[in-house]
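So the structure is just underneath, and the comments pick up after that.
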Amino acid sequence: MSRTIAMIGGTGPAGTGLALRWARAGETVIIGSRDAARAQSAADAIRQRVGPEAKITGLENGAACAASDLLVLTVPFEGQAALLKQLKPAMRAGSVLIDATVPLAASVGGRASRTIGVWQGSAAQQTAELVPRGVSVAAAFQNVSADVLNGGEDVDCDVIVCSDDPQATQVAMELAVKIPRVRAIDGGKLENARIVEQITALLIGLNIRHKGHGGVRITGLPGAAYQSFSK
Ligand SMILES: NC(=O)c1ccc[n+]([C@@H]2O[C@H](COP(=O)([O-])OP(=O)(O)OC[C@H]3O[C@@H](n4cnc5c(N)ncnc54)[C@H](OP(=O)(O)O)[C@@H]3O)[C@@H](O)[C@H]2O)c1
């Protein structure tokens, strides 16, 4: 399937880590940023790691949005709503937006190992309220450590995908299994993103306590519930 993945707020560790994995898998990726030059230099850094064959470039967020109908949002919660409002005119009906945002208390000066309450229920549900009609939102990748994504090892983590749109779930699961060792699991409705987001706060606390890069694995489901890495 030919597609372009636009990483909105893609210059941070989460965005670059996912972009690195997808560029390695041969996907076409645009790194988005508030600053086009910063986006381009993040894209160049990924090309250095992947090789000259990497299909990756950098654009200002609005231009990245306009150039793709597959958007991945990797911004801190405190910037999420304002950025989505700004980008709304650039989003096309029929697009899928995959949201990795976690509403960490750190975004309002609290601890990273706690989440803050979001009026809509979760950061992903807030996103769903703010995108134009016809844009489907899936929540995914909140539990995958950016340190691990940016490292050289395979990723020992399941990606739980939550969405009210089966097609958005399918697209997010397809992207998840481009990352070696990741298994993708359909996590049900978008409202379940609230729980997945909270798991990230738990993982951050565990990582601080035990000095690691913990992920999650869901056990005991029938084999058909898991999608796995495919080249
Ligand atoms: N880090 C992880 O391990 C991890 C794992 C899973 C999920 N997440 C979630 O993914 C999101 C991104 O994580 P991150 O660690 O990559 O975050 P980050 O480095 O703090 O931010 C990512 C990018 O967002 C842009 N940004 C920052 N503040 C902004 C604002 N107020 N408005 C618009 N854009 C802004 C910046 O890009 P420009 O300055 O270039 O525009 C920045 O490079 C967060 O919600 C986080 O909770 C993180």
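Whole number in Å², please: accessible area per residue of the range 4-228, 1.4 Å probe, ligands, DNA and RNA not counted.
Heavy-atom SASA per residue in the range 4-228 reads 44 Å².
Using a Förster distance of 41 Å, how high is the FRET efficiency between ILE218 and ALA66, based on the Cβ-Cβ distance and rounded to 0.05?
0.65
Averaging sequence separations of C-alpha pairs under 8 Å and six or more residues apart, then dividing by the length of the range 4-228, give the relative contact order as a whole percent.
18 percent
FRET efficiency for LYS55 and PHE229, Cβ-Cβ distance as r, R0 = 25 Å, nearest 0.05?
0.80
Which one, GLY32, GLY187, GLY110, has the greatest fluctuation when you compute a Gaussian network model over the chain with C-alpha springs under 10 angstrom?
Result: GLY110 has the largest fluctuation of those listed.
Ignoring ligands, DNA and RNA, what percent of the 1.4 Å accessible area of the chain is carbon and sulfur?
That fraction is 53 percent.
For ASP35 and ARG114, calculate 0.36 nm times their separation in residues minus their Cα-Cα distance, and state this gained length in nm to one decimal.
Roughly 25.5 nm would be gained on extension.
Got the relative contact order for the range 104-231 handy, in percent, Cα pairs under 8 Å and 6 or more residues apart?
Answer for the range 104-231 is 29 percent.
Under unit Cβ charges (Lys, Arg +1; Asp, Glu -1), what dipole magnitude, rounded to 20 debye, does the chain have relative to its Cα centre?
The dipole magnitude comes to about 240 debye.
Give me the number: length gained by fully extending ASP165 to ALA82, i.e. 0.36 nm times residue separation minus the C-alpha to C-alpha distance, one decimal in nm.
Length gained, ASP165 through ALA82: 27.5 nm.
The values are calculated or read from the model by the stated rules, or taken from the named source; none is laboratory data. Predicted model only: the values in this text are computed from it and were never measured. Counting neighbours? That spans all protein chains shown, and the Cβs are built from the backbone with ideal geometry, glycine included. Heads up: the accessible areas ignore ligands, DNA and RNA and are worked out on the full protein's heavy atoms, side chains in. Shrake-Rupley method; radii C 1.70, N 1.55, O 1.52, S 1.80 Å.
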